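What follows is a single structure, written as structure tokens, with notes after it.
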Amino acid sequence: MHSPTSAGHPVTVLRDVRPWGGERSDLHVADGVITAITPHDPAGAAAGAGSTVGAERTAGVVEGGGLLALPGLVNAHAHVDKSWWGKPWVSYGGAGGVQGRIAHERAHRDELGIPGVDVTLAVLRESVRTGTTAVRTHVDVDLGVGLRGIEVVREAVAALGGAVTAQIVAFPQDGVLRRPGVLELLDAAAAAGAEHVGGLDPATIDRDPVGQLDGLFAIAERHGVGIDVHLHDGGDLGAFQIELMIDRTLRAGLQGKVNVAHGFAVGQLPAARQAELVAAMGEAGITMTTVAPIGAAPLPLHALREAGVAVGLGTDGIRDLWSPYGTGDLLTLTTQLARLSGFRYDEDLVAAARIASADAGRFVGRAVHDLVVGAPADVVLVDAENVPDAVVRAPRRALVVAGGRVVARDGEVLV
Ligand SMILES: O=c1cc[nH]c(=O)[nH]1
């Protein structure tokens with residue numbers, strides 16, 4: 001049993017940091033929240049512990065060494081129930097394609113102890129080490145594991161004592177309608193507190209897009225939860241399913257609560273069709289999450305922003321039976337997102353950093369997630385000249401504060 005205790009030592013003042021690369025400032029913290037941001041006061045520097053980043057001067061007064069501060073990174077699309085992080089290498093042995101990966105996972109997860117609290121803890125700790133302080137994670141719900149994965153993830157998150165918070169998507173990785181009983185499991189997950197129900201390629205997995213989506217929307221309306229659908233289906237087939245989601249979102253009044261994950265179709269459509277679909281998504285308050293996949297047509301980030309479609313960034317699985325790739329490092333992934341999107345201008349590189357942090361609060365149930373008064377005191381310090389420099393180099397995380405506590409320092413996780 002992993003006993004929840006508050007992680008890391010508490011911070012009352014994080015001294016001498018440059019929020020978003022701006023002026024040197026002191027961040028004041030109480031009860032895990034930023035209560036004031038004042039110009040840096042160098043007074044008392046000689047009395048303290050020098051300028052070693054993370055050194056504590058007096059109780060709770062922590063040195064930031066003039067480093068650049070970003071809000072805690074937000075992983076808006078993860079699968080932390082299925083990673084084998086920390087275990088010996090597992091060679092991928094399944095067939096290709098979505099169905100091949102589904103079958104491979106189901107055949108081998110038991111051998112690896114998946115789902116299990118220890119493996120989930122390992123990948124979460126690694127995420128905290130690199131500055132992630134909030135996660136939206138899909139958790140497999142199927143006829144084999146039932147809701148056990150959700151309990152496992154909740155226990156692992158609790159054991160980290162606030163170093164990271166998580167929202168759960170009850171995720172029917174093996175299909176919904178093609179596996180009788182899964183819709184009922186999703187309903188039970190929502191009734192038991194999962195914040196979202198997931199879906200998976202309603203057309204190609206269940207071969208019944210209307211049926212799968214009607215089932216998910218009925219659960220969302222019944223329990224007031226969100227919907228987050230993995231949509232790998234591309235081109236017109238993918239676009240058609242997004243249109244089905246738009247219709248249902250408007251009818252059910254679920255604006256702001258429905259997310260399309262991956263949504264490769266959006267990047268693939270011809271310009272006019274893309275513009276029409278993106279505008280309709282914006283009007284319905286649909287959001288998107290991307291994992292910045294190499295080899296897929298990039299999402300039109302500028303058009304999505306102009307249409308009011310919020311985009312979150314996530315790691316996808318991290319070293320699991322689905323794929324051996326991934327490290328959980330959101331800042332490195334931000335570099336990838338920026339490169340894939342062809343970003344060169346400073347303002348675009350800053351926008352990429354915001355997608356991975358401040359603008360992603362909505363994906364993890366936070367009304368505000370930024371370096372502002374009233375926000376959770378989740379802060380990542382890096383040795384970078386400015387935000388664009390941080391995005392293109394993804395430097396080591398010198399200090400990570402979550403919920404007002406130091407949880408990682410100098411590349412070492414402390415929880
Ligand atoms: O459907 C998917 C896609 C990526 N990773 C998964 O675990 N499932």
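Some observations on this one:
- Summed over segment 347-384, the residues that are in contact (Cβ under 8 Å) with a residue 12 or more places away in the chain and within 25 Å of VAL225 (Cα to Cα) give a count of 16.
- Matching entry among ALA279, ALA353, ALA275, ALA367 (being in contact with a helix residue (DSSP H, G or I) (Cβ under 8 Å, 6 or more places away or on another chain), assigned to a helix (DSSP H, G or I) and under 30 Å from PHE217 (Cβ atoms)): ALA275
- Residue check, ALA239 among the small types (Gly, Ala, Ser), in the same structural domain as GLY314 (by TED's automatic domain parsing) and closer than 24 Å to ARG101 by Cβ: yes
- Candidates ARG136, ARG207, filtered to the one that is touching a His at 6+ places or on another chain (Cβ under 9 Å) and of a type in the set (Lys, Arg): ARG136
- Checked against (1) over 25 Å from ALA190 (Cα atoms); (2) within 14 Å of the ligand (Cβ to nearest atom); (3) touching a strand residue (DSSP E or B) at 6+ places or on another chain (Cβ under 8 Å), GLY131 passes all but a single condition, namely (2).
- Pair list, Cβ under 6 Å, 6 or more apart: segment 152-177 residue free of Cβ contacts under 8 Å to residues at least 40 places away in the same chain and assigned by TED's automatic domain parsing to the domain that holds GLU126, other residue in a helix (DSSP H, G or I) and buried (at least 24 other Cβ atoms within 10 Å of the Cβ): ILE168/ILE150; ALA170/LEU186; ALA170/ALA189; LEU177/GLN212
- Flag if THR327 is under 17 Å from HIS77 (Cα atoms), in contact with a Gly (Cβ under 6 Å, 6 or more places away or on another chain) and within 16 Å of the ligand (Cβ to nearest atom): no
- Of all residue pairs spaced 6 or more apart or on separate chains, none has beta-carbon atoms under 6 Å together with a first member in segment 86-107 that is more than 12 Å from TRP322 (Cβ to Cβ) and assigned by TED's automatic domain parsing to the domain that holds VAL119 and a second member that is of a type outside the set (Gly, Ala, Ser) and within 14 Å of the ligand (Cβ to nearest atom).
- Being under 25 Å from ALA191 (Cα atoms), buried (at least 20 other Cβ atoms within 10 Å of the Cβ) and within 16 Å of the ligand (Cβ to nearest atom) holds for only one residue in ALA261, ALA292, and it is ALA261.
- Sole residue being over 20 Å from ARG24 (Cα atoms) and either buried (at least 21 other Cβ atoms within 10 Å of the Cβ) or of a type outside the set (Ser, Thr, Tyr) (or both), chosen from VAL368, VAL372: VAL368
- The lone exception for VAL278 - which of (1) aliphatic (A, V, I, L, M); (2) buried (at least 20 other Cβ atoms within 10 Å of the Cβ); (3) farther than 30 Å from ILE318 by Cβ it fails: (3)
- Condition check for GLU111: farther than 24 Å from LEU186 by Cα, surrounded by fewer than 18 Cβ atoms within 10 Å (Cβ to Cβ) and either touching a residue at least 24 places away in the same chain (Cβ under 8 Å) or away from the ligand (no atom under 15 Å from the Cβ) (or both): yes
- Test for GLY96: is it within 12 Å of the ligand (Cβ to nearest atom) and of a type in the set (Gly, Ala, Ser): no
- THR58, sole failed condition from (1) in contact (Cβ under 8 Å) with a residue 24 or more places away in the chain; (2) not assigned by TED's automatic domain parsing to the domain that holds GLY314: (1)
The values are calculated or read from the model by the stated rules, or taken from the named source; none is laboratory data. Since the structure is predicted, the reported quantities are computational estimates derived from the model, not experimental observations. Cβ sites come from the backbone with ideal geometry, for glycine too, and all protein chains shown count toward neighbours.
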